[in-house]
Amino acid sequence: MLQVAVAVVLFCVMMFGIGFILNMLMKTTWFPIYLFLVVIVPLGVWATWDHNKSALANFTSFTIVDLLPVIGAIIGAYMSGWAIRALRRGGYKMF
């Protein structure tokens with residue numbers, strides 16, 4: 001369980017950092033969440049897909065240990081958008 005907790009925090013911090021940098025460079029607020037949901041999650045599902053199983057068996061093979069880091073990463077991406085929005089509302093023009 002310690003490894004799962006470390007993975008969740010690591011993915012959250014990693015997506016916050018990547019999302020913050022993307023938000024600064026691209027001047028978009030919620031782009032990291034869209035990027036994560038449209039690109040990263042399908043790539044993760046595709047990489048673990050077993051063609052010998054049915055689609056239902058493939059999706060039910062994910063456990064809570066597989067999903068917790070993904071949830072942590074989505075939280076980190078959301079927090080980066082929230083932080084950029086708060087900085088923009090605070091009057092910081094570079095963000």
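The values are calculated or read from the model by the stated rules, or taken from the named source; none is laboratory data. The structure presented is a predicted model; accordingly, all values stated were derived computationally and were not measured. Ligands, DNA and RNA are excluded from the accessible area calculation, which covers all protein heavy atoms including side chains. Shrake-Rupley method; radii C 1.70, N 1.55, O 1.52, S 1.80 Å.
What is the Cα centroid distance between segment 1-44 and segment 60-79, reported in whole angstrom?
Using only Cα atoms to place each centre, the spacing works out to 10 Å.
Tell me the Kirkwood radius of the chain: reciprocal of the mean inverse pair distance over distinct alpha-carbon atoms, in Å.
In the chain this quantity evaluates to 14.5 Å.
Only helical DSSP H runs with n ≥ 4 go in: add -39500 (n - 2.57) per run for the chain, normalise by residue count and round the 222 nm mean residue ellipticity to 500 deg cm²/dmol.
-23500 deg cm²/dmol
Using a probe of 1.4 angstrom, how much of the accessible area of segment 1-94 is carbon and sulfur, in percent?
77 percent
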